[in-house]
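Quick one: the structure is below, and I'll ask about it shortly.
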Amino acid sequence: SAPQRLLSLDFLEAGKRWGAEVYRDGDGADYRGDARFRVVHEERTVSAGDVLSLWLAPGGGFAIRLLPLE
């Protein structure tokens, strides 16, 4: 089964809110076959100390773009 990863955002500047654009593997994604194209795009607001839980598909990954909101 594919691993669930936890990413701590404790490296962000405290006291600020951040916009997080997350690109991650979609449900059932796998590097074998057409399922490798399954990608989910999510936007959320995060702060220093938050922890993101990210599912990684076999051969997959994720990308996060962080921008200060204030």
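Each reported figure results from applying straightforward, stated rules to the coordinates on display, with no laboratory input. Just so we're clear, the structure is a prediction, and the values are computed from it rather than from any experiment. Virtual Cβ from ideal backbone geometry, glycine too; neighbours counted across all protein chains shown.
Between beta-carbons, use under 10 Å as the cut-off and find the net charge around residue 60, counting Lys and Arg +1, Asp and Glu -1.
Result for the neighbourhood of residue 60: +1.
Taking the Cα atoms of the chain alone, what are Rg (to one decimal) and Dmax (as a whole number) in Å?
Rg and Dmax of the chain, Cα atoms, are 13.5, 44 Å.
A further question follows. Looking at region 28-70, which chymotrypsin sites (Phe, Trp or Tyr not before Pro) are in a loop (DSSP not H, G, I, E or B) and have at most 11 other Cβ atoms within 10 Å?
When the chymotrypsin sites (Phe, Trp or Tyr not before Pro) of region 28-70 are filtered for loop state and at most 11 Cβ neighbours within 10 Å, 31 remain.
Another question, if that's okay. Looking at region 1-63, which GluC sites (Glu not before Pro) are in a loop (DSSP not H, G, I, E or B) and have at most 10 other Cβ atoms within 10 Å?
Passing both the DSSP loop test and the Cβ count: 13.
Using a 7 Å offset from the Cα along the Cα-to-Cβ direction at both residue 11 and residue 37, what is the distance between the two label points in nm, to one decimal?
That separation, rounded to one decimal, is 3.2 nm.
Another question, if that's okay. Return the loop-located trypsin sites (Lys or Arg not before Pro) in region 1-52 (DSSP other than H, G, I, E, B) with at most 13 other Cβ atoms within 10 Å of their own Cβ; answer none if there are none.
Of the trypsin sites (Lys or Arg not before Pro), the ones in loops of region 1-52 whose Cβ has at most 13 other Cβ atoms within 10 Å are 16, 32.
While we're looking at this one, here's another question. Quote the charge dipole size of region 1-49 about the Cα centre in Debye, to the nearest 20; the model charges only the Cβ of Lys and Arg (+1) and of Asp and Glu (-1).
60
Could you work out the relative contact order of the chain, using alpha carbon pairs under 8 angstrom and six or more residues apart, expressed as a whole percent?
Relative contact order for the chain comes out at 49 percent.
What FRET efficiency, computed as 1/(1 + (r/R0)^6) with R0 = 25 Å and r the Cβ-Cβ distance, is obtained for residue 47 and residue 27, rounded to the nearest 0.05?
Efficiency, rounded to the nearest 0.05: 0.35.
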